[in-house]
Amino acid sequence: RRHFPLLSQAAATVGSPAIRTMGTIGGNIARSSPAGDVATALLALEAEIHTLLPEGRRQLCHQEFHLGPRRTGLLPGELITHFTLPLPGTGPRGSSYEKLGQRKALTIAIVNCGVFLELEPDGEKIRKAAIALGSVGPTPFRAARAESLLTGRPPSDEVFWAAAEAARESCRPIADIRAGAEYRKD
């Protein structure tokens, strides 16, 4: 909670208290759902996924891991052992996780978003921006163009709205029983 409040926020939205007590982050990620709450947060935080095979250990980034809905880069017999996350820098920073679902609890995300921003030490410009989106493509993904619109710029409503529009344009959602594609983009 202290170093990665974004991950804590996302994990709190997974299932029910009973599921959160018995489940693991590795199990949640291994499901490789485009709507994965924890996957979106870990992607925004640039987590690496560590695994174990009979032949040895391996480390994967999210792009190598999430191949499509319910398809991962895990090999037969491979087990997720842990995750590593880079510690945030010393500048002012903030993060947020938002999830839109059909109800408040026990819901699959219609769309979810994890954002991490770090400012320069003087607070004048955005040093680092990470925007991860879920349920708006075949896998959770980073909105690279939106991030580039933020990085190196002073924080302002104008800059944030431009990044939001760029993130919206990067979405390629499907329509299903939970929501239409245009609704998800908006």
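The values are calculated or read from the model by the stated rules, or taken from the named source; none is laboratory data. Note that the coordinates shown come from a computational prediction; the quantities given were computed from them, not determined experimentally. Cβ: placed from backbone, ideal geometry, glycine included. Neighbour counts: every protein chain shown. Remember, those area values only see protein heavy atoms, side chains included, never the ligands or the DNA or RNA. Shrake-Rupley method; radii C 1.70, N 1.55, O 1.52, S 1.80 Å.
The table below gives the values:
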read-out	value
Of the criteria (1) open to solvent by 20 Å² or more (accessible area, probe 1.4 Å); (2) closer than 18 Å to R1 by Cβ; (3) touching a helix residue (DSSP H, G or I) at 6+ places or on another chain (Cβ under 7 Å), which one T72 fails	(2)
E182 outside any loop (DSSP other than H, G, I, E, B), modelled with pLDDT of 95 or more and not small (G, A, S)	no
Of all residues making up segment 1-53, the number that are among the small types (G, A, S), more than 10 Å from the chain's Cα centre (by Cα) and under 16 Å from R70 (Cα atoms)	5
Hits in segment 136-153 (condition: open to solvent by 70 Å² or more (accessible area, probe 1.4 Å), assigned to a loop (DSSP other than H, G, I, E, B) and either of a type in the set (D, E) or out of contact with any Gly (no Cβ under 8 Å at 6 or more places or on another chain) (or both))	R153
The lone exception for T107 - which of (1) under 23 Å from P5 (Cα atoms); (2) among the polar types (S, T, N, Q); (3) in a loop (DSSP other than H, G, I, E, B); (4) open to solvent by 40 Å² or more (accessible area, probe 1.4 Å) it fails	(4)
Residue within segment 23-39 that is basic (K, R) and surrounded by 13 or more Cβ atoms within 10 Å (Cβ to Cβ) present	yes
Tally of residues being open to solvent by less than 40 Å² (accessible area, probe 1.4 Å) and farther than 18 Å from E124 by Cβ across segment 154-184	8
Segment 83-99: number of residues that are open to solvent by 60 Å² or more (accessible area, probe 1.4 Å) and either in contact (Cβ under 8 Å) with a residue 40 or more places away in the chain or within 20 Å of I19 (Cβ to Cβ) (or both)	2
